[in-house]
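Have a look at the structure below before the remarks.
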Amino acid sequence: QKEVEQDPGPLSVPEGAIVSLNCTYSNSAFQYFMWYRQYSRKGPELLMYTYSSGNKEDGRFTAQVDKSSKYISLFIRDSQPSDSATYLCAMMRSGSEKLVFGKGTKLTVNP
Amino acid sequence: DGGITQSPKYLFRKEGQNVTLSCEQNLNHDAMYWYRQDPGQGLRLIYYSQIVNDFQKGDIAEGYSVSREKKESFPLTVTSAQKNPTAFYLCASSGQFYNEQFFGPGTRLTVL
């Protein structure tokens, strides 16, 4: 079983829709949970991160972590065509220097 | 402007040749990383360095080498021993919080 699983999609939604992106993981030692956005042929950019369980909100983006289910989510409200990108989840154990990435979900928001 | 630069953006190499990818950062970050990304795949860690003159192998170090002689620079050499080097290579750096990694624009390497 891979440490981090992420459905590659592709996911296509109309503008204004609420988008839900998800990852599951198997390593209960993960404490840091990150979401990166990667536009085509560009480097990833860090959107937000959460430490341990709970929710975090930043504008139209909300990150949720459910450690009991080993499941993390990123919600995008009022999605825009500019949100079209690949979204990568990443995780890290406390005391580690290394991130473990999911394969990414490709999202297209249609005008 | 603070950030990470990678050069070149596109690189073509003949089989059997070594090639060096450049990564420079002016963020004053101690830690630097090299990842490889293949189509439909997540990022896989090649090498990382937490301090000058020290580096560690990542998950797929075979066929690659690095050096860290300066804080700002972390070049990656793809050697002829790397069996399948065609990929998108990403360099990243982080400060004291290793989970907050900042990425460069990437170098796309194609072996002809």
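The values are calculated or read from the model by the stated rules, or taken from the named source; none is laboratory data. Bear in mind that the values here come from a model prediction, so they are computed numbers and not experimental data. Positions of Cβ are generated from backbone atoms using ideal geometry, with glycine treated the same way; all protein chains shown enter the neighbour counts.
Does A:G43 satisfy the criteria of being assigned to a loop (DSSP other than H, G, I, E, B) and surrounded by fewer than 18 Cβ atoms within 10 Å (Cβ to Cβ)? The answer is no for A:G43. Counting only strands (runs of 3 or more DSSP E) that sit wholly inside the range B:1-96, those with at least 1 residues that are surrounded by 13 or more Cβ atoms within 10 Å (Cβ to Cβ) and without any contact (Cβ under 8 Å) to a residue 60 or more places away in the chain are B:19-25, B:31-37, B:43-51, B:54-57, B:64-66, B:76-78, B:87-94.
Whenever a residue of the range A:52-76 is surrounded by 17 or more Cβ atoms within 10 Å (Cβ to Cβ), its partners that are part of a strand (DSSP E or B) and among the charged types (D, E, K, R), lying with C-beta atoms within less than 6 angstrom and at least six residues away or across chains, give the pairs A:A63/A:K56.
Here A:K70 meets the list (1) under 18 Å from A:F101 (Cα atoms); (2) away from chain B (no Cβ under 14 Å); (3) in contact with a Leu (Cβ under 8 Å, 6 or more places away or on another chain) almost entirely, failing just condition (3).
Of all residues in the range A:77-100, exactly one satisfies the criterion of being in a helix (DSSP H, G or I) and either within 16 Å of A:A63 (Cα to Cα) or at the interface with another protein chain (Cβ under 8 Å from one of its Cβ atoms) (or both), namely A:D83. Answer yes if at least one residue in the range B:3-19 is under 19 Å from A:R37 (Cβ atoms), at pLDDT 95 or above and not basic (K, R), and no otherwise. Yes: the range B:3-19 contains one or more residues that are under 19 Å from A:R37 (Cβ atoms), at pLDDT 95 or above and not basic (K, R). Of the residues making up the range A:1-32, those that are within 18 Å of B:Y35 (Cβ to Cβ) and either small (G, A, S) or in contact (Cβ under 8 Å) with a residue 40 or more places away in the chain (or both) number 6.
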